[in-house]
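Q: Here you go, one structure.
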Amino acid sequence: MKLTNLGYLIKEGIRGIFLHGFMSLAAVVVTVACLLIVGSFSCLVYNVNVMVEDLNKTNEVLAFVDDSLTDAEARSIGTVINQIPNVHKAEFVHRDKAWESFVEDHGNDPAFDGVDPKTTIRHRFVVTLEDNELMKETAAQLESITGIDKVNAAYEIARGFSTIKNVLHIASVAVIGVLLVVSLLIISNTVKLAMYDRKDEIAIMKMVGATNGFIRLPFVVEGFVLGMVGAMIAFFLEWAMYNALVEKLTVVDTLHLFSFVPFTQPELMQTMVATFVAAGLFVGVVGSWTSIRKFMDV
Amino acid sequence: MIAFSDVTKSYSVGTHALRGVSMQIEDGEFAFLVGPSGSGKSTIIKLITGELKPTSGTVHVNGYSLERIRRREIPYLRRTVGVVFQDFRLIDTKSVYDNVAFAMRAIGAREREIRERVPYILELVGLENKSRRHPTELSGGEQQRLAIARALVNNPSTIIADEPTGNLDPARSLEIMSLLQEINNLGTTMLVVTHERDLVERFGKRVIAIDEGLVVHDGTDGYYRL
């Protein structure tokens with residue numbers, strides 16, 4: 001194929017969109033519908049993931065300080081703890097403060113009458129981690145610090161969160177994958193119908209000696225444009241729907257059980273743009289490329 | 001040149017369309033291919049245009065060996081063979097000019113070449129005043145002229161006309177056949193598939209008759225018997 005024909009072929013692809021307006025509209029509508037489903041599910045997965053992450057961060061490790069250390073010596077261990085790579089934050093809690101909150105929780109329990117906090121309660125560090133999957137290793141590192149007597153870590157809870165995250169990840173990949181394949185099949189079928197409409201044109205091109213690449217390119221351009229238009233419409237619709245839904249849920253959710261990431265948050269925005277562009281390109285280009293194969297055997 | 005040597009073609013359903021066809025059509029020759037329905041004429045056309053490969057034997061068309069041609073060479077073979085069909089196969093959404101230009105664009109011709117060549121070809125087939133019309137606005141004879149123009153525009157060395165007068169009245173049929181003869185006079189090899197005995201006899205050209213997958217007559221006396 002000569003480079004000088006490229007302009008003509010691209011023009012033909014775009015002309016085809018308007019020439020077969022109804023089929024083009026059908027392809028865009030189907031793309032929008034499919035991408036909205038994929039996008040909504042991606043948003044849901046993203047938010048659930050963020051919520052699980054937030055919950056996971058509340059799972060703290062307690063590092064108890066040796067009784068024999070003075071207050072100043074105990075506080076100074078914080079510097080060492082903060083140097084452990086997986087430590088997000090280490091907050092020193094004085095034994096008096098710890099006792100206060102203990103009394104707050106169990107104040108009316110007669111079993112603790114006459115207990116001396118100085119001999120019962122120790123200074124401690126409340127440590128939050130960057131990655132709770134490494135809790136066991138980090139706890140071991142904490143235990144090895146001189147001045148740390150004992151470490152309490154809820155490995156089971158950390159493992160539970162990790163499992164939830166992994167299951168969510170696998171499920172989301174599987175569902176998005178299935179939705180994409182379904183979208184591709186629907187788009188492919190729609191493009192196939194559009195091509196059926198033009199099978200005579202393709203046959204004539206083959207008959208006069210057009211190469212397969214020459215025949216394909218306008219259809220691929222058409223698929224690309226339709227895919228991108230569908231992706232753009234779906235993206236803005238998703239944005240509007242997401243905002244409306246979050247607004248409604250915020251009103252309903254008086255207990256603030258859920259926290260939704262705003263659509264404009266850079267990471268979510270980038271994820272959504274990438275998802276829509278990739279999915280639009282994929283269904284448009286791959287859809288038209290695979291559908292035309294059937295009509296090339298003339 | 002088109003050369004068939006002991007060509008057989010069997011389809012997977014068990015039909016033996018050709019059973020040892022040998023024939024040769026020289027460059028610049030005019031030949032009629034005649035035979036009843038199901039005799040193997042369409043198979044011969046499909047073999048010439050590379051739509052099919054022979055089961056055995058050899059087929060040479062304008063320098064290409066069809067029994068071992070590679071898929072990506074087929075478009076280049078087809079550029080040497082123009083095909084005209086009974087049902088014209090025009091694109092109704094394109095003008096007369098664009099139907100012809102389309103064939104040139106399909107092989108990657110430059111716009112300048114297209115602007116020069118298309119009017120010349122339309123004049124050759126007598127459609128120079130109808131270039132802005134659409135196929136549906138043309139008569140049957142004119143549509144077939146347009147189909148011939150499209151087959152001719154890429155300057156193929158051979159034209160295969162498959163029942164080109166099948167949808168036309170006798171007067172228009174004669175016009176089309178005369179046009180094909182004129183084109184042949186300019187040096188293009190012409191193979192015309194037809195059922196019309198009157199036309200065949202009137203033009204007195206070479207006749208290759210096929211029946212049940214075999215060449216049963218090959219002569220230049222314009223007469224054939226089936």
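Q: Under the condition of being modelled with pLDDT under 75 and assigned to a helix (DSSP H, G or I), which residue from region A:1-16 is farthest from the other protein chains (Cβ to nearest Cβ)?
A: Applying the filter and picking the extreme gives A:3.
Q: Within the set of pairs 6+ apart or on separate chains, which have a first residue in region A:202-230 that is within 14 Å of chain B (Cβ to nearest Cβ) and farther than 24 Å from residue A:186 by Cα, a second that is among the aromatic types (Phe, Trp, Tyr) and surrounded by fewer than 21 Cβ atoms within 10 Å (Cβ to Cβ), and C-beta atoms under 7 Å apart?
A: A:209/B:76
Q: Now for a separate question. Hey, among the residues in region B:99-110 that are among the hydrophobic types (A, V, I, L, M, F, W, C) and touching a Lys or Arg at 6+ places or on another chain (Cβ under 8 Å), which one's farthest from the other protein chains (Cβ to nearest Cβ)?
A: That would be B:100.
Q: Taking residue A:101, is it closer than 26 Å to residue A:259 by Cβ, assigned by TED's automatic domain parsing to the domain that holds residue A:135 and either basic (Lys, Arg) or surrounded by fewer than 17 Cβ atoms within 10 Å (Cβ to Cβ) (or both)?
A: So residue A:101 fits the description; yes.
Q: If residue B:121 satisfies every condition in (1) closer than 21 Å to residue A:214 by Cα; (2) free of Cβ contacts under 8 Å to residues at least 60 places away in the same chain; (3) under 18 Å from the mean Cα position of the chain (by Cα) but one, which is the exception?
A: With (1) closer than 21 Å to residue A:214 by Cα; (2) free of Cβ contacts under 8 Å to residues at least 60 places away in the same chain; (3) under 18 Å from the mean Cα position of the chain (by Cα) applied to residue B:121, the lone miss is (1).
Q: Continuing with this model, one more query. Within region B:83-98, track down each residue that is more than 22 Å from residue B:51 (Cβ to Cβ), more than 8 Å from chain A (Cβ to nearest Cβ) and of a type in the set (S, T, N, Q).
A: Matches in region B:83-98: B:95 only.
Q: Now, a different point. Quick check on region B:158-170. Is at least one of its residues within 14 Å of chain A (Cβ to nearest Cβ), touching a strand residue (DSSP E or B) at 6+ places or on another chain (Cβ under 6 Å) and farther than 23 Å from residue B:94 by Cβ?
A: Yes, that holds for at least one residue.
Q: Within region B:70-82, track down each residue that is in contact with a strand residue (DSSP E or B) (Cβ under 9 Å, 6 or more places away or on another chain) and either more than 7 Å from chain A (Cβ to nearest Cβ) or not aromatic (Phe, Trp, Tyr) (or both).
A: Result: B:73, B:74, B:77, B:80, B:81, B:82.
Q: OK, next. Within region B:168-202, which residues are free of Cβ contacts under 8 Å to residues at least 60 places away in the same chain and small (Gly, Ala, Ser)?
A: Once the filter is applied, which keeps residues that are free of Cβ contacts under 8 Å to residues at least 60 places away in the same chain and small (Gly, Ala, Ser), region B:168-202 yields B:171, B:173, B:178.
Q: Let me ask you something else. What pairs come up if the first residue lies in region A:271-290 and is under 11 Å from residue A:42 (Cβ atoms), the second is β-branched (Val, Ile, Thr) and crowded, with 16+ Cβ neighbours inside 10 Å, and their beta carbons are under 8 Å apart, counting only those six or more places apart or on different chains?
A: Sorted first by the residue in region A:271-290, then by its partner, the pairs are A:275/A:38; A:279/A:38.
Q: Kindly check whether there is at least one residue in region B:68-82 that is closer than 24 Å to residue B:137 by Cβ and either out of contact with any Phe, Trp or Tyr (no Cβ under 6 Å at 6 or more places or on another chain) or modelled with pLDDT of 95 or more (or both).
A: Yes.
Q: What number goes with the only condition from (1) at pLDDT 85 or above; (2) surrounded by fewer than 16 Cβ atoms within 10 Å (Cβ to Cβ); (3) among the hydrophobic types (A, V, I, L, M, F, W, C) that residue A:77 does not pass?
A: (2)
Q: Keeping to region A:157-191, report how many residues are of a type in the set (Gly, Ala, Ser) and either more than 30 Å from residue A:57 (Cβ to Cβ) or touching a strand residue (DSSP E or B) at 6+ places or on another chain (Cβ under 6 Å) (or both).
A: Qualifying residue count for the region: 2.
Q: Name, by its number, the condition in (1) of a type in the set (Ser, Thr, Tyr); (2) touching a Phe, Trp or Tyr at 6+ places or on another chain (Cβ under 7 Å); (3) not in a helix (DSSP H, G or I) that does not hold for residue A:288.
A: (3)
Q: So which of A:235, A:214, A:219 ends up being surrounded by 12 or more Cβ atoms within 10 Å (Cβ to Cβ), assigned by TED's automatic domain parsing to the domain that holds residue A:51 and either part of a loop (DSSP other than H, G, I, E, B) or at pLDDT 85 or above (or both)?
A: None of the others qualify; the one that does is A:235.
The values are calculated or read from the model by the stated rules, or taken from the named source; none is laboratory data. It should be emphasised that the depicted structure is a prediction, and the values quoted were computed from it without experimental measurement. Every residue, glycine as well, gets a Cβ built from its backbone with ideal geometry; the counts of neighbours run over all protein chains shown.
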